[in-house]
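Novice: Have a look at this one before I ask anything.
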Amino acid sequence: MTIISSPQFDLIYIPVLVLFAGLFVFSGLRQKYPVSTVASLTVFLMVLFVVGLKIISYPVHEWQAIFSHSPVEMHHSKYLPGGILFVAFGLFILKFVFKIRLSIFDSLILGLPLIGILQRIDCLVSGCCYGTPTNVPWAIHYSAISPVFKQQVSEGLISTSATSSLGIHPTQIYYIIGFLLIFVLLVVFRKNVKSPGSLALLGFVLMAGSRFAIEFFREPVENKMSSLQWMGVNLLQWIILVLVIVSALILYRKEKNFKPMLPDASLNKEYLLRSSLILFTAALLVWNFSRILAYSEFFLLQSLIAVSIAVVIIRLFQKSTIPSLRYSTLATLFLTLIFMSQKSADTISSNDSIPMPEKWWDVKASVGGGNYDQINYDCNGNETSRIAQHYSVVSGGLAYNYINTQNHHLQAGLNLGKYYDSGDLLSQMNSTSTTSGMNSMVINFINPYFKYDFHKIGFGAGYNFFLSGETPGLPSLYLRVGSRERFFMDANLTDNFYASGLAGVWQLGVGSGFGDPEKHLFRFGISTVENKMLAYADADFQLYERLYMHTTLDVGNKIHGMLGLKYQIGKNR
């Protein structure tokens, strides 16, 4: 049989990754783990798997260039043992961080052979992982554009005028047959093992043993560890043999010493801060290895991280009665979003130059809020009591954008929203306010504004009209000096009220667009709320094409923050 080889492609590879993620989510939820824990576990292991697939294809002497961000060529080859080793290392870490029950791996192992079958179909079609020359009746031949054809020509086994390669062992089909047998054996023996994790160990032993046997028929050129051999067995096979023996001994001991125990309810406890730390680590890994990731891999991992962050944030606010949990988790998620917004120019070729002039509309929605202390004083100005209060803001809006040249950007918008306050924080922000003493305020507001940004300077103004209550409203002003692409300083007066709650009567800060403010922008500085100083940071970053996220965090004696989305209508990309 002659196979017409095709180049590396993602039509099977990316769906396999998505299937792997879905399988782990299913396994985690089946074991009744909290959804936030499952999401962070899945993202972390997916990032390690993809990075492991890619980084092992690089020679060791190039690893220093990868970690030091020196120029490095992107390889499209993938090495499955690298992904497995990285995932094994990640599971070792998660075992101690999340205290995962080993039974979650028992559910996961049943799907791995099926995923392996799909991955080997990819190998069969693309012509990688091929075997040694043979005359067996089931030998396969590859076309002249295949890797095996070129390798046999370079070794003088065939001439350049040949129409196909010599017959070779169909090692990819051997893998597929092996995975089918392993799946059947796991299904048969899944009820015979007693200890949690034993089925996963059995699956690992079977898959490793299958790989050990197939290595005898695989072309040495395709094996990065075949150059070192002893007694006819290459280095990879020796490593596999040691792992199989150790795993088999552990499996025997687990089954022999197994004693049924009552389930520990604490194992299913939801650790939101730990989940956010795992997501932060995953984003950091994607950022560091972005230059060796293809666009499809980069986009998939970023999408999974974004979805997981949303899951953790939702669960966070559902359990937001624990302030220490809320504050530390939000801070970690905010840093995760910052790392998500950074990507290497070597990873995605950009052609985002904007044709001038251009017009488009922004549709926005956001939610924000925070806590504060309402302080009461006696006639002599002495503090008599302090009451914990909280507020929140929900808003949406529409903005018109017009760019005449690259350095002239006009924006005019209108926002509508609702402000909820258990106390009277507005009276501390506006000296003309007559809301003092009010409780449980609910105020509807409308916010017209405009902004005009040049290359080195920008300014804007607006007003927050309150449509209920006796507070007249709050003005807003905006001033920027410096390049948004590189470094700028800005000053704001209640400029973020409509979006992020009371993000400060005024703000002074610095920021940068990291060379491309159309895709990501970061700011930090000092602010005031309730007449107290806070540190703030906010960021805009592109999620996908015309979809952007804006997040703000103010940290002081209390925490204030927001999360918003923006979609561009009619903008050319």
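What follows draws every value from the coordinates through simple rules; no lab data is involved. Since this is a predicted model, take the numbers as computed values, not measurements. Glycine gets a Cβ as well: all are built from the backbone with ideal geometry, and neighbour counts include every protein chain shown.
Novice: Subtracting the Cα-Cα distance from 0.36 nm times the residue separation, let me have the gained length for MET489 to PHE26 in nm, one decimal.
Specialist: Residue separation times 0.36 nm, minus the Cα-Cα distance, leaves 161.9 nm.
Novice: Ranked from highest to lowest mean number of other Cβ atoms within 10 Å per residue, what is the order of the peptides 481-491, 166-176?
Specialist: 166-176, 481-491
Novice: Quick one: Karplus J couplings for the range 111-126, per residue in order, coefficients 6.51, -1.76, 1.60, θ = phi - 60°, nearest Hz, x for Gly and Pro?
Specialist: After applying 6.51 cos²θ - 1.76 cosθ + 1.60, I find x, 4, x, 5, 5, x, 4, 4, 5, 6, 5, 4, 4, 4, 6, 7 Hz.
Novice: Right, another one. ILE158's amide H: which non-local residues (gap 5+, or another chain) put their own amide H closer than 5 Å, with H modeled 1.01 Å from N in plane and none for Pro or chain starts?
Specialist: Here VAL153 satisfy the definition.
Novice: At R0 = 51 Å, how high is the FRET efficiency between TYR377 and HIS408 if r is their beta carbon distance? Nearest 0.05 is fine.
Specialist: 0.55
Novice: For the pair ILE239/VAL153, report the inter-label distance in nm, with labels modelled 7 Å from Cα in the Cβ direction.
Specialist: Simple spin-label model gives 3.2 nm for this pair.
Novice: Let me ask something additional. Mind checking the full-extension length gain between TYR452 and LYS191? Use 0.36 nm per residue of separation minus the Cα-Cα distance, one decimal, nm.
Specialist: 87.1 nm
Novice: Once phi is turned into θ = phi - 60°, what whole-Hz ³J(HN,Hα) does the Karplus curve with 6.51, -1.76 and 1.60 give for every residue of the range 299-314, x standing for Gly and Pro?
Specialist: 5, 4, 5, 5, 5, 5, 5, 4, 5, 5, 4, 4, 4, 5, 5, 4
Novice: Would you please state which residues of the range 383-423 a label at ASN444 would reach in this model, taking the label point 7 Å out along Cα→Cβ and a backbone N cut-off of under 13 Å?
Specialist: 416-419
Novice: Using a/c under 1.5 as the rounded threshold, could you call the range 87-220 rounded, prolate or oblate? The axes a ≥ b ≥ c are square roots of the C-alpha gyration tensor eigenvalues, and prolate needs a/b larger than b/c, oblate otherwise.
Specialist: prolate
Novice: For the range 477-487, what does the Karplus curve 6.51 cos²θ - 1.76 cosθ + 1.60, with θ = phi - 60°, yield as ³J(HN,Hα) per residue in whole Hz, taken in order and with x for Gly and Pro?
Specialist: For the range 477-487, the Karplus curve yields 9, 9, 9, 10, 10, x, 7, 5, 6, 10, 8 Hz.
Novice: Quick check: pseudo-label points 7 Å beyond the Cα along Cα→Cβ at ASN288 and THR134, how many nm apart are they?
Specialist: 4.1
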